[in-house]
Amino acid sequence: MFNQGLSLDQAPPISVPFRFFLTAPIFAMLIGVMFLIYPAELITNRFSSETIAMVHMFTLGVLSMIIFGAMQQMMPVLAGAPIKRAKLFATVVHTFLTLGTIFFVLKFLYYQNEFLVAAIVCLAISFLTFFITAIRLLFKVKYVTSTVNVMKLFAIAGILTALLGLHLAGAHLSGNMGSNYLSFVNIHVLLGIFGFAALLIIGVSFQVIPMFYVALDFPKSVQNRLPISIFLLIISYFAFAFLDLNFYIYKVLFAIFFVIYAFHGLNSLNNRRRPVTDVTLWYWKVSLYSLVIAMLNWLFVPQDSSYFLTILFAFGFLFSLLQGMVYKIIPFLCWFHLSSKGYFDIPTIKEIIHEDLIKIHFYIYMASYVFFLLYGFFSQIFITIAAILFILSNILFFINCVLGMKKYASISKKDPLQTFVKS
Ligand code: HEM
């Protein structure tokens, strides 16, 4: 699994990814609270300030948080590119991402420019530290796999997203939006959602689905061609915008690429060589089916105000998958660090976070997802119920992560020899 060729001195300290994984559910709970506080029409209106705040509570506080934490663990393992001074690096990236997210949200809720200045500084430090280091390391990797190639594209998309975001934030600060402002917003959104977030998930799943679930490999042609095609399509937005080409063709191409990915992902998961039950698999499947439905919705429901697309893509595809991934990474890391330090009498990977607790989390999360979708057809009460369930599910997500870490902490306090004698 993750430990192929990994030694303890190459892996970052366990506190590095954990601090990111523990912070993400807290921001997710706050998203639920925002849904409760603000009227649904306001918070689901793409152009309101409150929506910009909430979108970034998710994209920075949840998505980037989990992705940055996971990448620090995955770069040494999947790309053979360990980050030097991992603890300091994690402290800088995590602290400034957390502060930057808070200031950004405060600006768009309370309209104080001082918050935006603070957000720009903090987010620039966090994103530039992360991506400049990642790009430097990834472009030096000698053994280049398809996942390494996708990680490179992810890193380029990520730094461009951040630079454009900082540019947009600067425009908000100066009040000078310029005539191409909307095109910059669109390319920022495309790079952020389809490049930064989706590309990373796609690249990592090429390696992680076959490893985690003893499943079929993605075809080599898909691994080699799909990510670069998605990346080039994002960049070609400029051609479509400035040459005034038909955007429907653009959408169709995106939808085809993502459906190809989802099809092969599901095919791999449904044809596992060792089909043992595993709750985390449910998150992956929901995620991939949601991606297909999101794409079909995008193509064939032109009257949709983008509410369904956002819920299907953000909560259905991205967040489901990241939760499933965190539930795989935390137990594995606890087990790996303990066994590498010489502890013998340790729980198995499946015992570190109890499966029943993950199942309860999954059911509550799914219920909130369904209620969010139902709000699209019915009234405010559905979004209120969805928000309450969303908060509950994230409290459980947080508790489950803490329980796993506490189990690790309580064993690692003991002398390894003691656990050996006991066994
Ligand atoms: C340095 C980090 C970032 C900064 C400073 C930033 C800044 C901004 C700003 C100022 C806007 C508002 C544009 C407008 O006037 O409508 C915006 C929109 C948006 N950003 Fe970011 N952004 C950042 C990172 C990201 C990331 C990583 C993602 C996705 C993964 C993302 C996704 C979006 C989306 C979806 C919108 C559109 C929101 C809406 O239409 O309501 N951003 N960003």
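From the residues Met54, Tyr181, Leu163, which one has its Cα farthest along the dipole of the chain in the positive direction, the dipole being from +1 and -1 charges on Cβ of Lys/Arg and Asp/Glu about the Cα centre?
Of the candidates, Leu163 comes out farthest on the positive side.
Report, to the nearest 10°, how far helix 320-340 tilts away from the longest principal axis of the Cα atoms in the chain, using its own Cα long axis and a range of 0 to 90°.
That works out to roughly 30 degrees.
Note down the relative contact order for the chain as a percent, whole number, built from C-alpha pairs under 8 angstrom at least six residues apart. It would help to have the intermediate numbers written out before the result.
Details: 539 pairs, mean separation 69.8, N = 423.
Relative contact order, the chain: 16 percent.
For the stretch 1-143, what relative contact order do you get, as a whole percent, if you take Cα pairs closer than 8 Å and at least 6 residues apart?
Numbers: 162 pairs, mean separation 39.2, N = 143.
RCO, the stretch 1-143: 27 percent.
Using the Karplus curve 6.51 cos²θ - 1.76 cosθ + 1.60 with θ = phi - 60°, what ³J(HN,Hα) values do you get for each residue of the stretch 346-356, in whole Hz, with x for Gly and Pro?
Along the stretch 346-356, the couplings run 10, x, 6, 4, 6, 8, 5, 10, 4, 4, 5 Hz.
So if I place +1 on the C-beta of Lys and Arg and -1 on the C-beta of Asp and Glu, and nothing else carries charge, what would the dipole magnitude of the chain be about its Cα centre? I want it in debye, nearest 20.
Numbers: 26 positive and 13 negative charges, 254 e Å.
It works out to roughly 1220 debye.
Whole-Hz Karplus ³J(HN,Hα) for the stretch 388-399, in order, using 6.51 cos²θ - 1.76 cosθ + 1.60 and θ = phi - 60°, x for Gly and Pro?
4, 5, 5, 5, 4, 5, 6, 5, 5, 4, 4, 4
Would you mind putting 358-371, 168-181, 339-352 in packing order, based on average other-beta-carbon counts within 10 Å, highest first? Walk me through the numbers on the way to the answer.
On the way: 358-371: 19.0, 168-181: 12.3, 339-352: 15.1.
Most protected by this proxy first, the peptides run 358-371, 339-352, 168-181.
May I ask you to evaluate 6.51 cos²θ - 1.76 cosθ + 1.60, the Karplus curve with θ = phi - 60°, for each residue of the stretch 157-174 and list the ³J(HN,Hα) values in order in whole Hz, giving x for glycine and proline?
With the stated coefficients, the stretch 157-174 comes to 4, x, 5, 5, 4, 5, 4, 5, x, 5, 4, 5, 5, x, 5, 4, 5, 8 Hz.
Given springs between every Cα pair under 10 Å in a Gaussian network model of the chain, which of Gln72, Gln223, Gln380 has the largest fluctuation?
Gln380
Of the listed pairs Lys285/Lys414; Lys87/Lys407; Lys220/Lys341; Lys285/Lys341; Lys142/Lys220, which have alpha-carbon separations greater than 28 Å here?
Working: Lys285/Lys414 39 Å; Lys87/Lys407 22 Å; Lys220/Lys341 37 Å; Lys285/Lys341 35 Å; Lys142/Lys220 19 Å.
Over 28 Å Cα-Cα: Lys285/Lys414; Lys220/Lys341; Lys285/Lys341.
Treating only the Cβ atoms of Lys and Arg (+1) and Asp and Glu (-1) as charged, compute the dipole magnitude of the stretch 1-148 about its Cα centre; round to the nearest 20 debye. Numbers along the way, then the final one.
Numbers: 9 positive and 4 negative charges, 121 e Å.
Value, rounded to 20: 580 debye.
Could you give the length gained on full extension between Lys413 and Val370, defined as 0.36 nm per residue of separation minus the Cα-Cα distance, in nm? List each step's numbers first, then the result.
Numbers: separation 43, 0.36 × 43 = 15.48 nm, distance 4.24 nm.
Full extension from Lys413 to Val370 adds 11.2 nm.
Shape call for the stretch 1-143 from the C-alpha gyration tensor, a ≥ b ≥ c root eigenvalues: rounded (a/c under 1.5), prolate (a/b greater than b/c) or oblate? Before the final figure, lay out the partial values.
Values: a/c = 2.68, a/b = 2.09, b/c = 1.28.
Because a/c hits 1.5 or more and a/b exceeds b/c, the stretch 1-143 counts as prolate.
Starting from the Kirkwood radius over alpha-carbon pairs of the chain, derive D by Stokes-Einstein at 37 °C in a medium of 0.692 mPa s and give it in µm² s⁻¹.
Working: Rh = 22.1 Å.
The diffusion coefficient I find is 148 µm²/s.
Using a 10 Å cut-off on Cβ atoms, rank the peptides 188-198, 292-302 from the highest mean neighbour count down.
Details: 188-198: 22.8, 292-302: 16.0.
Ranked by mean Cβ neighbours within 10 Å, highest first: 188-198, 292-302.
Can you tell me the orientation of helix 279-300 relative to the chain, as the angle in degrees between its alpha-carbon axis and the longest Cα principal axis, to the nearest 10?
The helix 279-300 is inclined about 20 degrees to the chain.
Could you work out how much longer the chain between Val92 and His354 gets when fully extended? Use 0.36 nm per residue separation minus the Cα distance between them, nm to one decimal.
Going from the current span to full extension adds 91.1 nm.
How far, in degrees from 0 to 90, does helix 181-190 lean away from the longest principal axis of the Cα atoms of the chain, to the nearest 10?
Helix 181-190 sits roughly 30 degrees off the main axis of the chain.
Please give, to one decimal in nm, the separation of the simple spin-label points placed at Leu42 and Asp345, each 7 Å out from Cα toward the Cβ.
5.8
Quickly work out the Lys84-to-Ala241 label distance, labels modelled 7 Å from Cα along the C-beta direction, and quote it in nm with one decimal.
Using points 7 Å along Cα→Cβ, the separation is 3.8 nm.
Rank-order 60-71, 116-127 by packing density, defined as the average count of other C-beta atoms within 10 Å over each peptide's residues, highest first.
On the way: 60-71: 25.0, 116-127: 19.9.
By packing density, highest mean first, the sequence is 60-71, 116-127.
With labels modelled as points extended 7 Å from the Cα through the Cβ direction, what inter-label distance (nm, one decimal) is found for Ser183 paired with Thr145?
Inter-label distance under the simple model: 4.0 nm.
Take the alpha carbon gyration tensor of the stretch 213-314, find the square roots of its eigenvalues, order them as a ≥ b ≥ c, and report rounded if a/c is under 1.5; if not, report prolate when a/b exceeds b/c, else oblate. Walk me through the intermediate numbers first.
Details: a/c = 3.34, a/b = 1.63, b/c = 2.05.
Cα axes put the stretch 213-314 in the oblate bin.
We did not get these values from a lab; they are worked out from the coordinates using the rules stated. Since the model is a prediction, treat every value here as computed from it, not as a measurement. When we count neighbours, we look across all protein chains shown, and the Cβ atoms used for this are built from the backbone with ideal geometry, even at glycine.
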